[in-house]
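Quick notes on the structure that follows.
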């Protein structure tokens, strides 16, 4: 279904300023004009921030008029609303570019038939008494348990059944025990077994895969891990290192890309690249036993690892009794019961704790939904109340202090886009300008290549074999899927005649430019100040890998 929080992400904007995101493009401009025209006709102000409009006016913008579509009640006689626009798009979903557009604004909702349990009613008729004392569990209830509790259930069941080695159920139960206990050891005990994989962080996904590797008992394998310690508390990092050691001791090789000092110190062998970043890197600074890294010359890693260099922390701003605060009270969810917290505003606030302590529950399930409902007006709360009940019956809570905020923005580690074609250039809004650059090149004009030919979402320019993804997915039976370069375009995404269009100066094709760093791309964006500014921001953040 359509998530209107994605369609209207910044509710501090007015109707005229472009509160409806999909209508701020050339293809959506007509709908933007329709909305302004209809709003003026009905006396709805177009210059007032959307979240300050009365609830009925917000509903009118989003859902349109109730009788729209009835005889004599179509546009321009009646307003279709943002919902009507998406209904029209869904009728055109046989077109690929429309499906891509819709995917940007869709969200997952609970299945009304199974209520999120995923099973048929027949499957839920069966239960197991794992303690022998009447503690019955359905399969769906078992999946909903935190993994640490699920491991406890299986361990208790195994102890009660006391199966012999010849019993057919014995190896099955033993395998389940091993895998669940391994996930608890690696710090994933707070997850539930039915947690959708799309909601896992990159670090969580890697650790789940690690336990699968450990359980498979494969030997003589080479495992490549990309920063598996991301987001881990130091206590959980130690657990991760122990699991990596177990994989090694089975007779496997592990190659780990890592910045965490606790992991680097425990490595048998270290390869340190540098000495700088981007075009100033690419050299092996040190290659040898981890114990010898301390003596490496020219290694920034060694300098910081052994305390010879330190990063100066920014000055802290004091929090006083007069400091404004955001207060969440009476919040109950998972392991948080009647929880209350005050967050000082205008400060750098860190929420920390071991894995499973409730950090994500507090912020993602408590504070953010409360702020969305109070400030957004989309999620169904009355924005005129300073404090009141918010959320569902399972976690009634109250929020105060939110009026001091102008807007709320979530910045997390989720994928930038909802399709394999998305990249940072698209996300920061620079890709349109990049395509214009190439469409204006002499080669493009000679071949009559329009701007659309330089989009890997368009059939005009995308590789016909991989459809612009640049890779081919190979499904593996025991391990994660493997992605290999497209054999037709060699990972470059475009048709050959499109790649013949070059920019003057460096003679780059569009694939070359998309493989360049942010620093290198800036020089081509002098005529596009907004894109140039965004690329500079990437460079300042040291995001100097591929623009794509």
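Structure notes:
- Cα-based Rg of segment 192-256 normalised by 2.2 N^0.38 Å, two decimals: 1.12
- Descending semi-axes in whole angstrom, ellipsoid equivalent of segment 155-219, from the Cα gyration tensor: 26, 14, 9
- Shape analysis of segment 126-263 yields a ratio of the Cα radius of gyration to the Kirkwood radius, Rg/Rh, of 1.01.
- For segment 123-185: relative contact order, % (alpha-carbon pairs under 8 angstrom, 6 or more apart): 29 percent
- Cα gyration tensor shape for segment 424-540, rounded if a/c is under 1.5, else prolate or oblate: oblate
- The alpha carbons of segment 123-185 give a radius of gyration and a Dmax of 11.8, 33 Å, in that order.
- Over every Cα atom in the chain, the radius of gyration and the widest Cα-Cα span, Dmax, amount to 27.5, 82 Å.
- Between residue 3 and residue 447, the modelled label-to-label distance comes to 3.8 nm, taking each label 7 Å out from Cα in the direction of the beta carbon.
- Our helix-only sum for the chain, with -39,500 (n - 2.57) per DSSP H run of n ≥ 4 divided by its residues, gives a mean residue ellipticity at 222 nm of -9000 deg cm²/dmol.
- Antiparallel beta bridges, as assigned by DSSP with both residues in segment 194-319, represent about 55 percent of the total such bridges.
- Cα gyration tensor, segment 294-333 - rounded (a/c under 1.5), prolate or oblate: oblate
- The chain, relative contact order in percent, only Cα pairs under 8 angstrom and at least six apart counted: 8 percent
- Gained length - residue 268 relative to residue 156, 0.36 nm times residue gap less alpha-carbon distance: 36.5 nm
- Cα centroid separation, segment 32-73 to segment 74-152 (Å): 30 Å
- With kT/(6 pi eta Rh) evaluated at 37 °C and eta = 0.692 mPa s, and Rh the Kirkwood radius from Cα pairs, segment 29-129 diffuses with a coefficient of 195 µm²/s according to Stokes-Einstein.
- Across segment 424-540, the relative contact order, built from alpha-carbon pairs under 8 Å that are at least six residues apart, equals 24 percent.
- Bridge type composition, the chain - antiparallel percent by DSSP, nearest 5: 85 percent
- Calculated on the Cα set of segment 216-305, radius of gyration then Dmax: 14.0, 41 Å.
None of the figures in this text is laboratory data; all of them are computed from the coordinates on show. Here the structure is a predicted model, which means the values were calculated and not measured. Every residue, glycine among them, receives a Cβ derived from its backbone with ideal geometry; neighbour counts consider all protein chains shown.
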